[in-house]
Structure formats: C-alpha cells, structure tokens
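Let me begin by presenting the structure, written as structure tokens, before commenting on it.
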Amino acid sequence: MSLLEIKNLTAKLADEDKQILNGLNLTVEKGQVAAIMGPNGSGKSTLSYVLAGREDYDVTDGEALLDGENILELAPDERAAKGLFLAFQYPIEIPGVGQMTFLKAAINAQRKKNGLGEISTPEFIKLVNGKAKELGISQDMLRRSVNVGFSGGEKKRNEILQMSLLAPKLAILDETDSGLDIDALKIVADGVNAMRSPDRAFVVITHYQRLLDYIRPDVVHVMAGGQIVKSGGPELALELEANGYADIVGKAA
Amino acid sequence: MPAVQETVEQVRSIDVDQYKYGFTTDVEMELAPKGLSEDIVRYISAKKGEPEWMLEWRLDAYRRWLTLREPEWARVHYPKIDFQDLYYYAAPKSNPAPKSLDEIDPAILETYKKLGIPLREQEVLAGVAPENRIAVDAVFDSVSVATTFKDELAKAGVIFCSISEALREHPELVKQYIGSVVPTTDNFYATLNSAVFSDGSFVYVPPGVRCPMELSTYFRINEKNTGQFERTLIIADKGSYVSYLEGCTAPMRDENQLHAAVVELVALEDAEIKYSTVQNWYPGDSEGRGGIYNFVTKRGDCRGARSKISWTQVETGSAITWKYPSCILRGDDSQGEFYSIAVSNGAQQVDSGTKMIHLGKNTRSRIISKGISAGKSQNTYRGLVSAHRRATNAKNFTNCDSLLIGNKCGAHTVPYIESKTASAVFEHEATTSKVSEDQMFYCMQRGLTQEEAIALIVNGFVKDVLQQLPMEFMVEAQKLIAISLEGSVG
Ligand SMILES: Nc1ncnc2c1ncn2[C@@H]1O[C@H](COP(=O)(O)OP(=O)(O)OP(=O)(O)O)[C@@H](O)[C@H]1O
Ligand SMILES: [Mg+2]
C-alpha cells in the first residue's frame, strides 16, 4: 500500500468561490522523497494545508488516503497523531508560550492519542537537547517563546526540530529551504536525511535544485494550476532549473 | 508541561456544564426579613452581638446610603436592582457561631470538602510541610463558620478570625482601622456594605512578624435571593509581612445575586501585604441568565514609609464584575502593585482595573493587566494613576494587554492619568491581540486539540501574572482559566 494516495482532490477557498486544487492526483510511496515544484500560486501550499486540515479550504471532491485511510474528515490534530507533519512555509509565532512547553505539549498530545503515556521530563529534555544540538539550535532559542523573535532561518530550523521530535510517517516540507543560509541548508538536509527510513516519506516543496542536491528526491512532480502536470526522476528538477516552467505549463494549459 | 496537561484533563472532564461549583447545600437557614431598613441594620448588628458604636456606625452609613444613587459610569448593563427584594442576612440555623468544627452542620463541612477546602486541620496537615500550610476562614452566606490554625497563628501573635469575632474580641483594633481606608461615604456599594456587612475576615500581624503561613478566606454564597456583604480588614503592623488569598464560588441560580464587598488593607512602616483573589462566582449561563453581580470596593493604604501592597487577581466568574483594587501610596518610598487576569466568556461583563494614588515621595507602582474576552462578553480595563504635588519622583509602569477569542466579544481600555508633579514618570503600554486561526492551526497541526491549543495560547498570554500568585494557586488558577474558556471557540 502507498503511504499517501491522493485521488482527484478538488478544493476551493471556504469564503470565496475560488477553486485552487483542480482534481489533483498524487501517490507517495513509503520510503520515498518526493519533490514538488511549480510556479508561484500553483497551489503547492494549498495542497499541504488541505492535507493537514486547515479550515480555510473546502474539499469539494476527491480523497486523500494516508496508509489507506481517508484523512479528509479528520480534525488537524487527529491527522497529526496519525503521523502527518507539515513544516510551514511561514511558521507561526506564539508569544508567551515557551518552546519547551510547546514541544512537550505536542509530543504528549500525540502520545496520548496513540494510547501512550506521557514522556518523562528527563527523557524529554535529553531528546530535545540531542536533536537541538544536531540542528544547531541554541539553548537560548529553546528558552524563548515559540518562533518569537526568530530569524527566518531559525524558524525553519525550528520546524525541522519539531519534525525530528514528532517523528512523523509523512512529512511535508513547504519551502523549508527558503531563507536558509548555505550552512543551515546542509544542517537541515542532514536532519532530513538522517530520518529517511523505509516506512517514512517526505514531500519536499521547493523552488530550487539546491535543496535537492542535498536531499536527493526519488521522484519530482511538477504542479501547475492546481494539478500535478508532470512527474519524473531527479533529472526533471535539473531540466526545470535550466528551462523554467514555460514548456511544461504551457503544454498542460 | 504538567499544568497544561492538567488543565486539559480538567477541561475534558467537564461536559455541558462548565461550572462545577454550582451545587447547592441543603441546610436550614435563618434569614432576616426581606428588605432593607434601620430595623434590619439593627437586626444584623444584634445577631452579631456588636458593640453600640458599631451599630451607630452602620446606621450612619445606612442613612447616608439612602441619599446616594447607583453609579452608572461603568461599561456594564443590567436591570435595576430592587434592594428591597433581597435578604441581607442568612446564617445556618443549627449553630450560627460554632465554637469548634464538631458544632458545624456536617452538610456545610461537606460543602467545603467538595470545593476542595478541608476545614479539619488534621486533613490539611496530612502530608503538607508546615511552610505550605494554609489557614482558612470559611464564610458561608452571612457568617464565618470556621477558621483554621487560629491557635498556631496566635503563637506568632497573628490574629486571624472573622470580623464578627474581631468586633467582640478586639474591638479597639477594629474601631481604629475600619473605615479608615474605605470611608463609609466612599461610594454607593461601599456605603451599603458599611450598613449591612455580614462577615469577612480580620487579620492583624504585629510589628516585625512574618506571618508563618498563607492565610485565606473562602466565600460561599448558598442561599438564594441573598446578598453577600463581605467585609475584610487586614492590618500589617510595622515591619510585618502577610500573604492572603480569597476564593469565591456560588450555586447556579437563574436569578442574579448581589455580592458587594469591602476590603481594607493597612500597611504600616516597612510592612508588606500580598493579597490574591481567585474569583469564581457563578457567571450565569451563556445567555446571561443568572450569575453574581460582583460590585466590590477594595483598597489598600500604604500608610507607612517603605510599605508595600500587592494585589493579584484572577477573575473568571460573576455575571458582572465592577472592581478596582487600589493602592493609596501615602508613605514615602511605598510601593503598590496590581496584577490582574480577567477572563470573560458567554455574556459576562467585566469592568475592572485599579487606582494607584501617589501621595508620598519616591512612590512606585506597577500595573500588569491581562484581559481575555471570549463569547459575547465585554471586558474593560479602567485604571487611574495619579500623583499628588508632594509625590516627587513618583513612578508608574502600566501594561494592559487584551486578548480576544472569536469576534463577538469586546475589549476596552480606559486609562486615566493625572500628575501634579513634573518629576513623576508614568509609562503606559497597551496591546490588543487575537488568538489567531494561524496559531490554532499551527498548534493543532502539532497534535494539540482545540481546547489544548486555546489553553496553551492563553496560558502564554497570562504567564507574567500567574507567576505572581502563591505557588499552590498557580495551577488552580490555570485550570480555572481553561475551564472558563471552555466552548469559547468552534
Ligand atoms: N486563504 C487564501 N485566500 C485567498 N487566496 C488564496 C488563499 N490561499 C491560497 N490562495 C490563492 O491560491 C493560489 C495558490 O496559492 P498557494 O499558496 O497554494 O501557492 P503556492 O504554489 O504555494 O505558491 P508559492 O510558490 O508562491 O508559495 C494563489 O493564487 C493564492 O493567492
Ligand atoms: Mg507556497
């Protein structure tokens, strides 16, 4: 069974009569890294939001199966507990809520939904400190409020920290590379590579080949007009880098 | 974080009815005849066996009250109160002045147990380190039914008893201080309270004594159609320290009930009083039926040099809250603080804040107010900071933050500043923010339920103030806030 199977997914803005996903089909296998590329406004972030259960969108048709189960009826937190993680293109600030508090609350919330007991404080601290160190996240950042006052790159690294702590089955990274300096890009890529495993898959949304040099994708999908219009191997990304979207998008339209 | 977890469990365990203190206790009560007159004032005074001067004091206040009109400047709306349609005195019939716990009606003991307040010292003692003990004065409708750890406190010279008992046992102290901070002429409700006050706590801490334990009073309104007129007087003599906490709950009833309290604090030279409130009167239902009208006058007088009074309040209950715990900074170098969390949900109306009146030199005050509005509620911060001509180098820092949950509620900030000295430095910061859908979605994407997400975000918002509460009450207050906001989204 595929880890993620999206069939004919059609979604519109909840408040407006604007359709953004137009019968999208996509399959992601266990163990895969799938890159999604595509012009600005083609619906990549929308796809990730719809999969994660954001309320601003209404699904009007189609389904999305995670491990064979349609997740589109579930609340966002239930999807998260089933192993879906979204690294936000624009991570959100939560003033006054300490990072450690937030991370622990998230871990425990998921553990509880999965019938596990709470993580012990020493175990938690050890876990966080270990991952933070790997990702070059300072103790100072761990003491601050969630994302408050973080630089763009720090926010992105923080998303990856959350991902490694929550160890999802399917991680969607929405332009995690944008805003990262070269060193940070390597660190983040190492973080992702370290988590690659036969039961886990990554959907990496990006505009640049650069990230894919470090995280080598198994497949590359091109999205345009709310659909996947072309799929191929890693070479497709290089082709796009060289020629832009005009060819592909033009043909599909 | 365990507190969040606990908050969440607490929220979970509650289904439709969020107010878990809404039960009534079946005890036979003795009521004064309905309505208000000189005779009723005499009746109350006689019931309490008060000295003659106290009766005269009450009657003066009553006559004065007849000439006053209800204040209308607050941003709250409610039908006119018929003051003749209330009972002004309600006491358990069995034994209105029990000498020991064994004389208390078991139903009342059970009530406090259910509220999580054990009155038997043995129960409190079990497994609690001495420094964590809390002495409790339990006020049930119009009378104090029990005060714990009195003997142990007496050893330190601390007097902690009901105000009725203080009037009998320490009349000279009461006479010297009562009405010296909130005069009988102060305002409509304070004047009414002066005429008919029923019970409340009295604390006297002698010079140089650090009160050996936390003191607290637990107010319970049980009887219907009864007003509760609490009167509390706390005196910290030179160089002493006391920390005091009050808690309040009431049954769920369809009609509104009046709670008009007066609290007076006096801090002499180098003394410090820390006064915390966790106010959880029945707030009424989501349509605004029932609930307590909480019209309260609380004021502290930093009478001596270098004295300090600190108010911390967590206000989650009441249909209407009208309350401005204030500090008169009379002594040179004295300090006043006001830390407040006011949560409103459903149809609640809150108009609360503080007054910092700088009279002495080098006086300092600090105001941190966090208002959280949800549902259809209205939440107003109203504050006054003033400096007298003599108050050279007075300093104030004010920070008022409002958090809105949903889009049917309102938050308002009304700060007044008056300075008659050029050397005063007053700083004011205010923010209004919303719990955004982005924040909710972000938290939920990480696995938190809607309630968990709200509790987490709100706890972050109020953290600075929660930290001011005595440790034991922080978790309690955190839970209370989460419960009050139950059902505020979705
Ligand atoms: N909440 C919203 N309100 C209004 N328009 C929206 C909303 N969400 C998405 N859109 C519109 O839908 C289209 C797809 O947006 P989306 O953010 O999914 O694109 P994207 O592929 O992620 O773009 P980029 O590469 O710039 O991140 C855009 O035209 C965008 O303006
Ligand atoms: Mg995007």
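The values are calculated or read from the model by the stated rules, or taken from the named source; none is laboratory data. None of these values were measured; they are calculated from a predicted model. Using ideal geometry, Cβ is built from the backbone for each residue, glycine included, and neighbour counts are taken over all protein chains shown. These accessible areas exclude ligands, DNA and RNA; they are computed on the full protein's heavy atoms, side chains included. Shrake-Rupley method; radii C 1.70, N 1.55, O 1.52, S 1.80 Å.
Of note:
- Filtered residues of the range A:46-95 (kept if open to solvent by 20 Å² or more (accessible area, probe 1.4 Å) and either under 13 Å from B:Arg446 (Cα atoms) or at the interface with another protein chain (Cβ under 9 Å from one of its Cβ atoms) (or both)): A:Tyr49, A:Arg54, A:Glu55, A:Asp56, A:Ala75, A:Glu78, A:Lys82, A:Tyr90, A:Ile92, A:Glu93, A:Pro95
- All positions within the range A:25-41 that are within 20 Å of A:Asp218 (Cα to Cα) and either in contact with a Cys (Cβ under 9 Å, 6 or more places away or on another chain) or of a type outside the set (D, E, K, R) (or both): A:Asn25, A:Leu26, A:Thr27, A:Val28, A:Gly31, A:Gln32, A:Val33, A:Ala34, A:Ala35, A:Ile36, A:Met37, A:Gly38
- Scanning the range B:466-482 for residues that are touching a residue at least 40 places away in the same chain (Cβ under 8 Å), of a type outside the set (D, E, K, R) and farther than 16 Å from B:Ala455 by Cα yields B:Gln468, B:Leu469, B:Pro470, B:Phe473.
- For A:Lys30: the one exception among (1) out of contact with any helix residue (DSSP H, G or I) (no Cβ under 8 Å at 6 or more places or on another chain); (2) within 16 Å of ligand 2 (Cβ to nearest atom); (3) at negative phi: (2)
- Breaking point among (1) over 21 Å from B:Arg390 (Cα atoms); (2) out of contact with any Cys (no Cβ under 9 Å at 6 or more places or on another chain), for B:Ile292: (2)
- The residue of the range A:41-53 that is nearest to A:Ile172 (Cα to Cα), among those that are free of Cβ contacts under 8 Å to residues at least 60 places away in the same chain and within 13 Å of ligand 2 (Cβ to nearest atom), is A:Tyr49.
- From A:Glu154, A:Glu159, residue being within 16 Å of ligand 1 (Cβ to nearest atom) and either out of contact with any Ser or Thr (no Cβ under 6 Å at 6 or more places or on another chain) or within 14 Å of chain B (Cβ to nearest Cβ) (or both): A:Glu159
- Selection count where residues are closer than 11 Å to B:Ala394 by Cβ and either basic (Lys, Arg) or touching a Lys or Arg at 6+ places or on another chain (Cβ under 6 Å) (or both), scope the range B:336-364: 4
- Matching residues in the range A:209-241 - criterion: being of a type outside the set (Asp, Glu) and either open to solvent by 80 Å² or more (accessible area, probe 1.4 Å) or under 14 Å from A:Asp177 (Cβ atoms) (or both): A:Gln209, A:Arg210, A:Leu211, A:Leu212, A:Tyr214, A:Ile215, A:Arg216, A:Pro217, A:Ala237, A:Leu238
- Subset of the range A:163-194 that is of a type in the set (Asp, Glu) and either in contact with a Cys (Cβ under 6 Å, 6 or more places away or on another chain) or under 13 Å from A:Leu86 (Cβ atoms) (or both) - its residue that is least open to solvent (accessible area, probe 1.4 Å): A:Asp174
- Note on the range B:424-473: residues that are farther than 22 Å from B:Asn379 by Cβ and open to solvent by 40 Å² or more (accessible area, probe 1.4 Å) total 6.
- Hits in the range A:54-77 - residues which are more than 16 Å from ligand 2 (Cβ to nearest atom), more than 16 Å from A:Leu26 (Cβ to Cβ) and within 16 Å of the chain's Cα centre (by Cα): A:Pro76, A:Asp77
- Number of residues in the range B:270-296 that are open to solvent by 10 Å² or more (accessible area, probe 1.4 Å) and in contact with a helix residue (DSSP H, G or I) (Cβ under 7 Å, 6 or more places away or on another chain) equals 2.
- Matching strands (runs of 3 or more DSSP E) fully within the range B:300-356 where at least 3 residues are touching a Gly at 6+ places or on another chain (Cβ under 9 Å): B:308-315, B:326-329, B:335-344
Let's see how each residue does on (1) in a helix (DSSP H, G or I); (2) free of Cβ contacts under 8 Å to residues at least 60 places away in the same chain:
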{"residue": "B:Thr392", "(1), (2)": "no, yes"}
{"residue": "B:Gly406", "(1), (2)": "no, no"}
{"residue": "B:Val414", "(1), (2)": "no, no"}
{"residue": "B:Glu418", "(1), (2)": "no, yes"}
{"residue": "B:His428", "(1), (2)": "no, yes"}
{"residue": "B:Thr432", "(1), (2)": "no, yes"}
{"residue": "B:Val458", "(1), (2)": "yes, no"}
